[in-house]
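Report on the structure given below.
Laboratory data are not the source of any read-out in this text; all were calculated from the coordinates shown. What you are looking at is a predicted structure, and each value in this text was computed from that prediction instead of being measured. Cβ atoms come from the backbone with ideal geometry, glycine included; neighbour counts cover every protein chain shown.
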Amino acid sequence: LRQISQRTISTASRRQFENRVPEKQKLFQEDNGIPVHLKGGLMDALLYRVTMGLTVFGTAYVVYELLVASMPKKQK
């Protein structure tokens with residue numbers, strides 16, 4: 001049992017991941033006129049647009065609800 005636990009722990013620690021930090025630094029430091037929050041590619045642009053859409057929708061909904069709340073209800 002002791003050998004099995006040592007073996008799985010030691011083989012898991014042998015896995016090496018490629019260091020991609022220098023590639024990402026070059027990408028994000030490149031002066032190409034793109035804002036830094038969009039330099040990650042298509043997924044960054046998609047997340048940005050979804051966030052902006054939700055923000056605009058949320059703001060419009062809050063303004064609508066404030067207008068509804070400010071109007072007195074008609075009594076019968």
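Residues in the range 17-29 carry Karplus couplings, in order, of 9, 5, 7, 9, 4, x, 5, 5, 4, 4, 4, 7, 8 Hz; the curve used is 6.51 cos²θ - 1.76 cosθ + 1.60 with θ = phi - 60°, and Gly or Pro positions show x. Using θ = phi - 60° in the Karplus curve 6.51 cos²θ - 1.76 cosθ + 1.60, the 3J(HN,Hα) couplings for the range 69-76 round to 5, 7, 8, x, 6, 6, 9, 7 Hz; x is entered for Gly and Pro.
When peptides 53-62, 66-75, 38-47 are ranked by their average number of other Cβ atoms within 10 Å per residue, the highest-first order is 38-47, 53-62, 66-75. Taking a straight Cα-Cα cut-off under 30 Å and skipping sequence neighbours fewer than 8 places away in the same chain, no lysines fall within cross-link reach of Lys74. Note that the range 40-57 has calculated 3J(HN,Hα) couplings of x, x, 5, 5, 5, 5, 5, 5, 4, 5, 5, 4, 5, x, 5, 5, 5, 4 Hz, one per residue in order, obtained from phi through the Karplus relation 6.51 cos²θ - 1.76 cosθ + 1.60 (θ = phi - 60°); glycine and proline are x. Straight-line reach from Lys73: which lysines fall under 18 Å, measuring Cα to Cα and dropping same-chain residues less than 8 apart? Cα-Cα hits under 18 Å: none found.
Straightening the chain between Leu66 and Lys24 buys 10.6 nm, computed as 0.36 nm per residue apart minus the Cα-Cα spacing.
Each other residue within a Cβ distance under 13 Å of Asn32 adds +1 if Lys or Arg and -1 if Asp or Glu, for a net charge of 0.
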